[in-house]
Amino acid sequence: MRPGANIAKLLHRAVILASMAAVMAFITSCAKKQPAAAGEPYTYDFFAADTFINLKVYGVDDPEALCKKVEQQTAELERVFSRHIEGSEVSKINAAPEGEYKVSDELAAVLDAALELAKATGGAYDPTIAPLVSLWNIGSGNERVPPQPEIDAARAKVRYENLALDGNTLIKLKSYAELDLGGSGKGYMLGKAIETMAAAGGYGVVSYGGNVGVYGKKPSGDPWRIGIKHPRKESATLGYVEVESGFVAVSGDYERYFIAEDGTRYCHILDPATGWPARNGVICVAVWTENAVRGDILSTALFVMGESEGLRFCEENGIAALFMTESGISQSPEMEKIFRKAS
């Protein structure tokens, strides 16, 4: 059992577009356009970081300029976090031998959260999981079930303790340590998008695939209602998180997966402890937080932990999380305060 601790990628575009509704805010979405009538949002869609991104903006004078600013900002951050873009900051770190390296404020912020939560979750989330991600290659169209010796060899390279962070200095203790920030980088991008849009005034919703953030206050005074998609029923929801602010992150087995020749379904969320895709009965996990990076990481870690261990971890640490298994829905005490089941 992993210890609890007190703490207060390639995808085909068609796959991403199909899974974009894993979390959805209840405001009508459409392609880039001006609002059709007063009171409707200005909506803006774009694709970045292997993710379909949707912005909904209310109450600003030039929403198009604001959305384009967010799009450019996201592209710049992708060049920091992506291990697939040649010359990105992460790709350079991955290719470098052991040693000390100065990193950007953005990368330092994500690594700080990633390493803290890797330790707190006993490695259920591990930012050095890149060797296993590359080996399984789920979502590429060329997936396979690797032989156990290959899994063991890749898993031996996955160990978050091979990295340390001191301010903006990353200490790489093993040359083979490689970062994959697919479970944290998008959270950071979402958080920065919300910051940028909130600074312009108004209010709105931002969706980065399975992660959603809200900002500002509705004129009606009503809380935001963020729907969590049912992972097994098209166009249905499990229910709604009612909040004044913050972020909802969802990780599920339906986002990226493949069916092996023997009929076994393997999802893209890998368990660092085994080297295999997580298979513990969990279908999806939804987490609400006030910090987008932490929410992104926690949804992955809790999925790997499984329902029983994950709920215990949430209760120990005051985390609002929902777990769905084939048996139904279970929630942490903090999630029970804000989640409303669909009728």
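The values are calculated or read from the model by the stated rules, or taken from the named source; none is laboratory data. The structure presented is a predicted model; accordingly, all values stated were derived computationally and were not measured. Note that each Cβ is placed from the backbone with ideal geometry, even for glycine, and that neighbours are counted across all protein chains shown. These accessible areas exclude ligands, DNA and RNA; they are computed on the full protein's heavy atoms, side chains included. Shrake-Rupley method; radii C 1.70, N 1.55, O 1.52, S 1.80 Å.
Aspartates and glutamates near Lys337 by alpha-carbon distance under 14 Å, same-chain residues fewer than 8 away left out - which ones?
Glu242, Glu244, Glu315
Starting from the 7 Å offset along Cα-to-Cβ, what nm value, one decimal, do you get for the label separation of Lys119 and Ala236?
Distance between the two pseudo-spin positions: 4.4 nm.
Suppose every Lys and Arg Cβ carries +1 and every Asp and Glu Cβ carries -1, with no other charges. What dipole size does the chain come out with about its Cα centre, to the nearest 20 debye?
That gives a dipole near 520 debye.
Could you list which residues have their amide H under 5 Å from that of Ala320, counting only those 5 or more apart in sequence or on another chain, with H placed in the peptide plane?
The answer is Trp288.
Pick out, in residue order, every one of the trypsin sites (Lys or Arg not before Pro) in region 191-235 that is DSSP loop and has at most 15 other C-beta atoms within 10 Å; say none if there are none. Write out the running numbers ahead of the final one.
On the way: sites: Lys192, Lys217, Arg225, Lys229, Arg232, Lys233; in loops: Lys217, Arg232, Lys233.
When the trypsin sites (Lys or Arg not before Pro) of region 191-235 are filtered for loop state and at most 15 Cβ neighbours within 10 Å, Lys217, Arg232, Lys233 remain.
Carbon and sulfur together cover what percent of the accessible area of region 238-279 at a 1.4 Å probe radius?
Numbers: 710 of 1640 Å².
Answer for region 238-279 is 43 percent, counting heavy atoms of protein chains only.
Sort out for me the Cα centre separation of region 35-78 from region 277-335, rounded to whole Å.
29
Taking N as the number of residues in region 154-276, what value does Rg over Cα atoms divided by 2.2 N^0.38 Å take?
It is 1.39.
For the chain, what does -39500 (n - 2.57) per DSSP helix run (n ≥ 4), summed and divided by total residues, give at 222 nm, in deg cm²/dmol to the nearest 500?
Counting only the DSSP helices, I get -9500 deg cm²/dmol.
Between Asp222 and Arg265, with labels modelled 7 Å along Cα→Cβ, what's the label distance in nm to one decimal, could you check?
For the pair Asp222/Arg265, the computed spacing is 3.3 nm.
Multiply the residue gap between Tyr254 and Asp105 by 0.36 nm, knock off their C-alpha separation, and tell me the result in nm, one decimal place.
50.3 nm
Can you find, among Gly139, Asn211, Met197, the residue farthest towards the positive end of the dipole of region 132-224? Put +1 on the C-beta of Lys and Arg, -1 on that of Asp and Glu.
About the Cα centre, the residue reaching furthest to the positive side is Met197.
Could you work out the equivalent-ellipsoid semi-axes for region 133-190, taking the square root of 5 times each eigenvalue of the Cα gyration tensor, largest first, in whole Å?
Equivalent-ellipsoid dimensions as semi-axes: 25, 18, 7 Å.
Ratio of Rg to Rh for the chain, alpha carbon only, Kirkwood?
On the Cα set of the chain, Rg over Rh gives 0.95.
Taking all protein chains as present, what is the carbon and sulfur share of the accessible area of region 109-180, in % to the nearest whole number, probe 1.4 Å?
Roughly 47 percent, rounded to a whole number.
I'd like the Karplus ³J(HN,Hα) series for region 263-274: coefficients 6.51, -1.76, 1.60, θ = phi - 60°, whole numbers in Hz, and an x wherever there's a Gly or Pro.
Once θ is set to phi - 60°, the couplings for region 263-274 become x, 6, 9, 10, 8, 7, 7, 9, 8, x, 6, 10 Hz.
Rg to Rh ratio, region 229-343, alpha-carbon atoms and Kirkwood radius?
In region 229-343, Rg relative to Rh is 0.96.
Could you check the spin-label model distance between Glu150 and Ser175? Points 7 Å from the Cα along Cα→Cβ, value in nm.
Here the modelled spin labels are 2.4 nm apart.
Can you work out the Karplus-derived ³J(HN,Hα) for every residue in region 329-343? Use 6.51 cos²θ - 1.76 cosθ + 1.60 with θ = phi - 60°, whole Hz, and x for glycine or proline.
10, 10, 9, 6, x, 5, 6, 4, 6, 10, 9, 10, 5, 5, 7
List, largest first, the extents of the alpha carbons of region 94-140 along their principal axes, each in whole Å.
On the principal axes, region 94-140 reaches 31, 27, 19 Å in Cα extent.
Taking the alpha carbon gyration tensor of region 43-183, what are the square roots of 5 times its eigenvalues, largest first, to the nearest whole Å?
31, 20, 13
For the ranges 325-335, 201-211, 177-187, what's the packing order if you count other beta-carbon atoms within 10 Å of each residue, average per peptide, and put the highest first?
Going from most to least packed, we get 177-187, 201-211, 325-335.
When we measure straight from the Cα of Lys102, which aspartates and glutamates land under 17 angstrom away, once same-chain ones fewer than 8 places off are left out?
Glu89, Asp112, Asp166, Glu178
Express the accessible area of region 283-328 per residue in Å², computed with a 1.4 Å probe while the remaining protein chains stay in the model. Display every interim value, and only then the final one.
Details: 1350 Å² over 46 residues.
Accessible area per residue: 29 Å².
Hand me the GluC sites (Glu not before Pro) from region 42-135 located in a DSSP loop with no more than 16 other Cβ atoms within 10 Å, in residue order please.
Taking region 42-135 and a limit of 16 other Cβ atoms within 10 Å, the loop GluC sites (Glu not before Pro) found are Glu86, Glu98.
How large is ³J(HN,Hα), in whole Hz, for each residue of region 48-61 in order, when computed from phi with the Karplus curve 6.51 cos²θ - 1.76 cosθ + 1.60 and θ = phi - 60°, using x for Gly and Pro?
7, 6, 6, 9, 7, 10, 10, 10, 10, 10, 10, x, 10, 6
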